[in-house]
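Undergrad: Structure in structure tokens, see below.
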Amino acid sequence: MAIRKQDFTKINDYLWEIPKSFRDDMRVPVRVYADDELLEDALGDKSIEQAVNVASLPGLVERVLVMPDVHQGYGMPIGGVAASELPSGIISPGAIGYDINCGVRLLASHVSHDEVRDQIGDLATALYRNCPSGVGSEGHIRLSHDEFTDMLRQGSKWALKQGYARREDLDHTEEFGTMPGADPGKVSERAVKRGRPQVGTLGAGNHFIEVDRVTSIFDEEAARVLGLFEDQIVVQIHCGSRGFGHQVCTDYVSDFQSAVRKYGIQLPDRELVCAPLDSPEGKDYLGAMACAANYAFANRQVLAHLVRRSFEEVLAGKVRDFDLHQIYDIAHNMGKIEEHVVGGKSIKVCVHRKGATRAFGPGSDVLPPDLKPIGQPVLIPGSMGTASWVLLGTAGSMEQSFGSTCHGAGRVMSRSRAKKEIRGEKLRDELQGRGIRVRAGSMPGLAEEAPQAYKDVDRVIEVVSKAGIARKVARLEPVAVIKG
Amino acid sequence: MHVSTPDHHVQEIEHTADWAIRVRARDLIGLFTGAAEGMFGLLTDLSQVTPVRQFEIELRAIDVETLLIDWLNELLYLSEEQGVVFTGFAIHDLTVNGGARLRAQVDGGHPSELFKVIKAATFHGLSIRRAEDGLQAELVFDV
């Protein structure tokens, strides 16, 4: 059934609801964060229909949430949030995605764009050379089976022991860089085989390293706590768990096809296969997913090490301080066991965030002492060549959205149309004409990620900010883009 | 992208975030072959790839749709592990009887360029349906 704007109840200018009565199999309503225009965009593909499908999963509480950067995915839409109650609510690998713990890390320098303007091209080249990227890219780190297993258990803690991290990097990483409950025994040999050579690699697709300039500060006090200032050079790293995570998800989506029969779960879409959290299948997936999450934390940590080395290579002797400190590292594809207030009671739930970011507000116990008073930093990369944002979680996100907010700009144009309409070489020249240095392996890949294929990130940020599920700290604009 | 042979027809269809194809074929073997050819056709120009190695594949699954996705993901895994793309698919046995099983020989070669990585073939919206002159399925690939 096609979903139309009149099927929604308008809750306020930035929040819309599809009631549970919309379709017989819905167990909870769907709420969409959007203004009028973004709601029209969301209705332009199957994203809302996919969110309604998610609302039929057993054991969900309160509502399925859809962020303003939503777009059609597979199973759950990108930009979806759903929480299931422990112990017997479900976990769904397809509602987390193949790139488990795909996420963003932000490193901040001590230099202004003005100071290093002439070195940006060299920085881009050094980053492209030092950070392996592209289809099938392999890293410089060779790990034995035991070392690899150690990394799966410990994530960033492993990286710290190996000299790729600093203690303060871990303090400023979601889950402090180590997802609890990782069980390498629940991971296939295939996943291990795929993951071992790829530690410390960016990969391809929409993953990137971007050098940005802070163009606006919206909250001086929060920016001071985070160490951000106007015209500052910062670096974003966007990537995930590479072939390892893809294989974990592939294995469990296939295995769970039998689990849904075993537990008598009816589904509108087989990509949403799931199992009760307290079932053997559910526990196995949680153990394997945590390994993939740790892989991704370690992967971004090694890349951060390589980014720091690149800055040293290019800037040593040219600026007073070429160091980079970590602002934060967030996951935007993950299932997390968290406590939230539901119906006035604090309960344990498994929050599925697929293309959505955890955004815990001030006072949260999972934040380090320096961030606890201001809330969790939320990193929102825009589309290539456009702005990115640093936000903070709020009390509103805790009350409304299981401590979640948006994750990016969100696509509006299909990849096939982008490939037809946009030439990678022309796009690269246009970006370079605007002063953005581009180092990219694949021109068709670059074309698919063109800014025209995405929504306006500033509009998305306006919605989450006005809706109260995040607040603005800083806006960034790119000066160099590195892609596989 | 279009691939058309006497046994199957593959067409790329619109998808906002990922890649998707529609496969039409006379029978199941044509459908499985077309799906594999369509998937690798998204990654590179298959006409420029010379097959150099052969691999045997045997799979069992709980039903034919699961077998189709397992088949495509098996090929993706082998492709990444061996650094090849597959251009030839000889399916010797494809039986659906309660569960489903497949035995095939596939030919792979080294591509000069890969446009992208497919993370996985997904079950999203998947059903193998009867269509005019045979069978049809739509497949979404996570990229």
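The values are calculated or read from the model by the stated rules, or taken from the named source; none is laboratory data. Quick caveat, the model's predicted, so the values are computed rather than measured. Cβ coordinates were reconstructed from backbone atoms using ideal geometry, including for glycine residues, and neighbour counts include every protein chain displayed.
Undergrad: In this structure, does B:Gln82 turn out to be more than 14 Å from chain A (Cβ to nearest Cβ), surrounded by fewer than 16 Cβ atoms within 10 Å (Cβ to Cβ) and farther than 23 Å from B:Gln11 by Cβ? Spell out how you get there, then give the answer.
TA: Numbers: more than 14 Å from chain A (Cβ to nearest Cβ): no; surrounded by fewer than 16 Cβ atoms within 10 Å (Cβ to Cβ): yes; farther than 23 Å from B:Gln11 by Cβ: yes.
In short, no.
Undergrad: Note down all Cβ pairs under 6 Å where the first residue falls in the range A:94-118 and is within 14 Å of chain B (Cβ to nearest Cβ), the second is part of a strand (DSSP E or B) and among the hydrophobic types (A, V, I, L, M, F, W, C), and they're at least six residues apart or on different chains.
TA: A:Ala95/A:Met76; A:Tyr98/B:Ala120; A:Asn101/A:Ala331; A:Asn101/A:Met334
Undergrad: Something else: Taking the condition of being within 16 Å of A:His172 (Cα to Cα) and over 16 Å from the mean Cα position of the chain (by Cα), how many residues in the range A:268-302 meet it?
TA: 1
Undergrad: If only one of A:Val81, A:Val61, A:Val70, A:Val30 is crowded, with 24+ Cβ neighbours inside 10 Å, in contact (Cβ under 8 Å) with a residue 60 or more places away in the chain and away from chain B (no Cβ under 14 Å), which one is it? Walk me through how you get there before you give the answer.
TA: On the way: A:Val61 fails: crowded, with 24+ Cβ neighbours inside 10 Å; A:Val70 fails: away from chain B (no Cβ under 14 Å); A:Val30 fails: in contact (Cβ under 8 Å) with a residue 60 or more places away in the chain.
That would be A:Val81, the only listed residue that is crowded, with 24+ Cβ neighbours inside 10 Å, in contact (Cβ under 8 Å) with a residue 60 or more places away in the chain and away from chain B (no Cβ under 14 Å).
Undergrad: When you go through B:Thr16, B:Thr87, B:Thr5 one by one, which is the residue that is under 27 Å from A:Arg417 (Cα atoms), more than 14 Å from the chain's Cα centre (by Cα), hydroxyl-bearing (Ser, Thr, Tyr) and crowded, with 16+ Cβ neighbours inside 10 Å?
TA: Working: B:Thr87 fails: more than 14 Å from the chain's Cα centre (by Cα); B:Thr5 fails: crowded, with 16+ Cβ neighbours inside 10 Å.
Of the residues listed, the single one that is under 27 Å from A:Arg417 (Cα atoms), more than 14 Å from the chain's Cα centre (by Cα), hydroxyl-bearing (Ser, Thr, Tyr) and crowded, with 16+ Cβ neighbours inside 10 Å is B:Thr16.
Undergrad: Those residues that are part of a helix (DSSP H, G or I), of a type outside the set (S, T, N, Q) and closer than 28 Å to B:Gln82 by Cβ, I need them from the range A:123-149; list them, please. Step through it out loud before you land on a result.
TA: Of all residues in the range A:123-149, those part of a helix (DSSP H, G or I) come to A:123-130, A:145-149.
Subsequent filtering for residues that are of a type outside the set (S, T, N, Q) retains A:123-124, A:126-129, A:145-148.
Passing the criteria: A:Tyr128, A:Arg129, A:His145, A:Asp146, A:Glu147, A:Phe148.
Undergrad: Specify the residue that is farthest from the other protein chains (Cβ to nearest Cβ); the eligible residues are those in the range B:90-108 that are free of Cβ contacts under 8 Å to residues at least 24 places away in the same chain and in contact with a Lys or Arg (Cβ under 7 Å, 6 or more places away or on another chain). Let's see the steps before the verdict.
TA: Our first condition is that a residue be free of Cβ contacts under 8 Å to residues at least 24 places away in the same chain; within the range B:90-108, this holds for B:90, B:92-93, B:95, B:97-98.
Cutting the leftovers down to in contact with a Lys or Arg (Cβ under 7 Å, 6 or more places away or on another chain) gives us B:92-93, B:95.
Numbers: B:His92: 22, B:Asp93: 20, B:Thr95: 18 Å.
Checking each candidate, the answer is B:His92.
Undergrad: Select, from A:Lys318, A:Lys354, A:Lys348, the only residue that is among the charged types (D, E, K, R) and under 29 Å from A:Ala191 (Cα atoms).
TA: Working: A:Lys318 fails: under 29 Å from A:Ala191 (Cα atoms); A:Lys348 fails: under 29 Å from A:Ala191 (Cα atoms).
Just one listed residue meets the conditions, A:Lys354.
Undergrad: If only one of A:Asp171, A:Asp150 is touching a helix residue (DSSP H, G or I) at 6+ places or on another chain (Cβ under 8 Å), acidic (Asp, Glu) and under 30 Å from A:Glu338 (Cβ atoms), which one is it? Steps first, please.
TA: On the way: A:Asp171 fails: touching a helix residue (DSSP H, G or I) at 6+ places or on another chain (Cβ under 8 Å).
Within the list A:Asp171, A:Asp150, the selection yields A:Asp150.
Undergrad: Ok, one more. What residue, of A:Asp7, A:Asp35, A:Asp41, is at pLDDT below 95 and surrounded by 13 or more Cβ atoms within 10 Å (Cβ to Cβ)?
TA: A:Asp41
Per-residue answers, yes or no, for (1) facing chain A (nearest Cβ under 10 Å); (2) closer than 26 Å to B:Pro6 by Cβ:
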{"position": "B:Met39", "(1), (2)": "no, yes"}
{"position": "B:Pro51", "(1), (2)": "no, yes"}
{"position": "B:Ala61", "(1), (2)": "yes, no"}
{"position": "B:Thr66", "(1), (2)": "yes, no"}
{"position": "B:His110", "(1), (2)": "no, no"}
{"position": "B:Thr122", "(1), (2)": "yes, no"}
{"position": "B:Arg129", "(1), (2)": "no, yes"}
{"position": "B:Glu138", "(1), (2)": "no, yes"}
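Undergrad: Restricting to the range A:84-93, what's the tally of residues that are in contact with a His (Cβ under 9 Å, 6 or more places away or on another chain) and either within 14 Å of chain B (Cβ to nearest Cβ) or assigned to a loop (DSSP other than H, G, I, E, B) (or both)?
TA: 1
Undergrad: Determine which single condition A:Leu202 fails, assuming it passes every other condition in (1) closer than 30 Å to A:Val481 by Cα; (2) within 11 Å of another protein chain (Cβ to nearest Cβ); (3) touching a helix residue (DSSP H, G or I) at 6+ places or on another chain (Cβ under 8 Å).
TA: (2)
Undergrad: Of everything in the range B:24-57, what is in contact with a Phe, Trp or Tyr (Cβ under 9 Å, 6 or more places away or on another chain) and in a strand (DSSP E or B)? Give them in sequence order.
TA: B:Ala25, B:Phe55, B:Ile57
This table checks each residue for (1) surrounded by 24 or more Cβ atoms within 10 Å (Cβ to Cβ); (2) within 10 Å of chain B (Cβ to nearest Cβ); (3) part of a helix (DSSP H, G or I); (4) basic (Lys, Arg).
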residue: A:Val211; (1), (2), (3), (4): yes, no, no, no
residue: A:Gln247; (1), (2), (3), (4): yes, yes, yes, no
residue: A:Arg261; (1), (2), (3), (4): no, yes, yes, yes
residue: A:Gly264; (1), (2), (3), (4): no, no, no, no
residue: A:Pro268; (1), (2), (3), (4): no, yes, no, no
